Amino acid sequence: MPIRINLLAEQQAAEEMRRRDPVKRASLGAGFVLALLAVWGGYLQVKLMGAMRNVSRYETEWKALEKEYNQVTSNLNATATAEKRISALQSLATNRFLWAPALNALQYALVEDVQTIRLRTEQTYTQTEGVKPSTNAAGVVSSGKPPTARERIVLALEAKDYSSKPGDQILKFQEKINNEPYFKTNLQKSELTGRSPVQSDPANPQRPFVLFTVECQFPEKRR
């Protein structure tokens, strides 16, 4: 039987060992992974470029709409402000103080020997400025406060007491006013704010009188 001698066996064995070398296999695996990462990175770069193009397109569209948006927002704010003012005016018109019922009730608050010679009305308003909405450093928006007005109404009556004892009917006159249904419901208080000494009537010196003033104060209201 012939004997075969493989002169390249040693080289082939060395080559086989190199092919089976784990370092080489690891290098090939790492190269494959790096290739995959490169492909994935390229894919992400393409997507990023597409997203940037979309952002640029959206920014261009927004700039084209921004002027119109600002105008619409301004109109909405102006409309809201106008509606608030109209509502406030309607509230003022609906709830305003009417002098006719007060004057009508006054004619029933008569006392014998007391002559009303002068009537004065005061209707004053003290305005309080509103607070505009604001945003603090934390981004919290405060709603603010609308402006208000404090209404003060006074009915002042100047009269003469011609009773047999001038001055005795002043208290009865006040009680008559306070007990009149309209004033009893709507009046806050009435007080004597002035009283003169007994004096003679220039037209009839034999008829003495006391001049006095009663103020009828209605409750203050905020408008």
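The values are calculated or read from the model by the stated rules, or taken from the named source; none is laboratory data. As the structure is a computational prediction, the values presented were derived from the model and not from experiment. When we count neighbours, we look across all protein chains shown, and the Cβ atoms used for this are built from the backbone with ideal geometry, even at glycine.
One table, with the values for the structure above:
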read-out: Complete set of residues in the range 114-145 that are surrounded by 12 or more Cβ atoms within 10 Å (Cβ to Cβ) and modelled with pLDDT under 80; value: VAL131, LYS145
read-out: Number of positions in the range 150-164 that are surrounded by fewer than 21 Cβ atoms within 10 Å (Cβ to Cβ), in contact with a Gly (Cβ under 9 Å, 6 or more places away or on another chain) and over 13 Å from CYS216 (Cα atoms); value: 0
read-out: Filtered residue count, the range 145-196, keeping only those that are assigned to a strand (DSSP E or B), basic (Lys, Arg) and in contact (Cβ under 8 Å) with a residue 60 or more places away in the chain; value: 2
read-out: The lone exception for GLN107 - which of (1) surrounded by 10 or more Cβ atoms within 10 Å (Cβ to Cβ); (2) under 20 Å from GLU191 (Cα atoms) it fails; value: (1)
read-out: Within the range 1-57, considering residues that are at pLDDT 80 or above and of a type in the set (Phe, Trp, Tyr), the one nearest to the chain's Cα centre (by Cα); value: TYR43
read-out: Subset of the range 197-223 [surrounded by fewer than 16 Cβ atoms within 10 Å (Cβ to Cβ) and in a strand (DSSP E or B)]; value: GLN199, SER200, ASP201, ASN204, PRO205, GLN206, ARG207, LYS221, ARG222
read-out: Residue within the range 156-176 that is among the charged types (D, E, K, R) and touching a Ser or Thr at 6+ places or on another chain (Cβ under 6 Å) present; value: yes
read-out: In the range 93-103, residue farthest from LYS172 (Cα to Cα) [restricted to those that are part of a helix (DSSP H, G or I) and either at pLDDT 90 or above or touching a strand residue (DSSP E or B) at 6+ places or on another chain (Cβ under 9 Å) (or both)]; value: ASN95
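Yes/no matrix, rows are residues, columns are (1) in a helix (DSSP H, G or I); (2) in the same structural domain as GLN217 (by TED's automatic domain parsing); (3) in contact with a helix residue (DSSP H, G or I) (Cβ under 9 Å, 6 or more places away or on another chain):
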position	(1), (2), (3)
ALA82	yes, no, no
SER87	yes, no, no
ALA105	yes, yes, yes
ALA109	no, yes, yes
GLU112	no, yes, yes
ILE117	no, yes, no
